[in-house]
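The values are calculated or read from the model by the stated rules, or taken from the named source; none is laboratory data. Just so it is clear, the model here is predicted, and its values are computed rather than measured. Every residue, glycine as well, gets a Cβ built from its backbone with ideal geometry; the counts of neighbours run over all protein chains shown. Keep in mind that these areas ignore ligands, DNA and RNA; they rest on the heavy atoms of the full protein, side chains included. Shrake-Rupley method; radii C 1.70, N 1.55, O 1.52, S 1.80 Å.
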Amino acid sequence: LAASSAFGRRRRRRRLASVSASKASKASGAGWARSLDDKLRAKSTTTRKLPAQEEAARRLASGIGATICVRTVLAPLERVKIEYLLNRSALKPEALVRSIFTKEGLGGFWKGNLLNLARTAPYKAINFCAFDTYRGFVIKAFPEGSDGRKIGTLCAGAGAGVTAVLTCFPMDVLRTRLLTTGGKAKYGSLIQCVKTMYTQEGLSTFYRGITPALVSMAPNAAVYYTIYDGLKHRRMAQLDEELRVRIAATKDTRERAKLEREYPSKTVEASNMMLFGALAGVASEASTYPFEVIRRRMQMQGGRSSASMVFGREALRRMTVTLRSIVRKQGVRGLYAGLGPSCIQVLPSASLGFFSYEMFKLLFQVD
């Protein structure tokens, strides 16, 4: 009887422990964004202060690590987009996926990923460095909260993008040539592709299509920052209103003082941050996508190249000719070939990028 009673008590304790763990798990799941913010705040107070150069280097390493993770995970979507964009596949997405798997196996979805990483990793690093440098000039020139500071920050982002594009664009051209149908058979290895293109087409061929890339950068940044900032400030206004209601309803003096220190809101929740970034990313991608199609088509054009064909009036003329050719052969829909997979890629990219970046910052012990 005593043994049976003890056994019953142990079962009740296990059941209570299980219920408590389940409740804790649900509470944790519901408040994951707040928990993440709290951890990051705690980390910022415990991490030792690093020299400016070392801190910048660790941030760059975090950005590169996050880029490698995100690009590798989303490589299959990039491959599907390339098939629609460059090889002009007429298959439906599910049929195209089966075709790639049948012909090339599972590894076919990661075809060209190493070359893509060789392009995007330094692109991100240069983008981060250039943006910090340009933003430093803006901070010195304009006071905080001024319109000049806001416009200057936008220009710093655009300038950083231009710097990164000019530096890394040749890798984008090489990747495009090798990923098209028959590209591997024609050029062979990456080094052989560089030699063949340089010998037959000249040095400027590595910048074919850079004009539409630069032209699209300004509207792309404008759409992204306008939508993101608009959504962010709207949410912050909602948080401020909720905070005012809580302050008015709080009787405890200490709790009231704590809430007043939090007003006005400094940022939004991590979940909304990712959502706003994803929505802004899709909108900016869709609004400037025709330039992406034109750029890829121009990169595929062979023949001897010169600097005037890459930059300036002649480059704009060739860009217009490419645009007319696409519309004449495929209609306006041709300017949006592969937009679906591209937008699908942007949505998880924002979320994965956020968490990957935070993970690598924790790994490298940087705020």
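For the range 179-247, treating each Cα as an identical point scatterer without solvent, what Debye log10 I(q)/I(0) comes out at q = 0.20, 0.25, 0.26 1/Å? Reported log10 I(q)/I(0), two decimals: -0.89, -1.04, -1.07. Placing pseudo-labels 7 Å out from each Cα toward the beta carbon at A52 and A222 gives an inter-label distance of 3.3 nm. Every Cα-Cα pair in the range 137-291 was counted, and those over 18 Å apart are 73% of them. Taking label positions 7 Å along the Cα-Cβ direction at both K195 and K329, the computed distance is 3.1 nm, reported to one decimal. The residues of the range 172-292 expose on average 53 square angstrom of accessible surface per residue, using a 1.4 Å probe on protein heavy atoms. A full extension of the chain between A286 and E242 corresponds to an added length of 12.4 nm, given 0.36 nm per residue minus the alpha carbon distance. When each of the peptides 153-159, 254-260, 315-321 is scored by how many other beta carbons lie within 10 Å of its residues on average, the order from highest to lowest is 153-159, 315-321, 254-260. The share of accessible area on the range 83-173 that comes from carbon and sulfur is 66 percent, using a 1.4 angstrom probe. Size check on the range 141-198: the Cα extents along the three principal axes, sorted descending, read 56, 20, 11 Å. The phi torsions of the range 327-336, fed into the Karplus equation with coefficients 6.51, -1.76 and 1.60 and a -60° offset, translate into couplings of 5, 5, 7, 10, x, 4, 4, x, 6, 10 Hz, rounded to whole numbers, with Gly and Pro shown as x. Rounded to the nearest Hz, the phi-derived 3J(HN,Hα) couplings of the range 135-145 under the Karplus curve 6.51 cos²θ - 1.76 cosθ + 1.60 (θ = phi - 60°) are 5, x, 5, 5, 4, 6, 8, 10, x, 5, x, where x marks glycine and proline. A cut-off of 5 Å between modelled amide H atoms, ignoring neighbours fewer than 5 places along the same chain, links Q301 with no other residue.
Using R0 = 22 Å, the C-beta based FRET efficiency linking L316 and V162 works out to 0.85.
Its Cα gyration tensor gives the range 101-202 an equivalent ellipsoid; the semi-axes, largest first and in whole Å, are 39, 16, 9.
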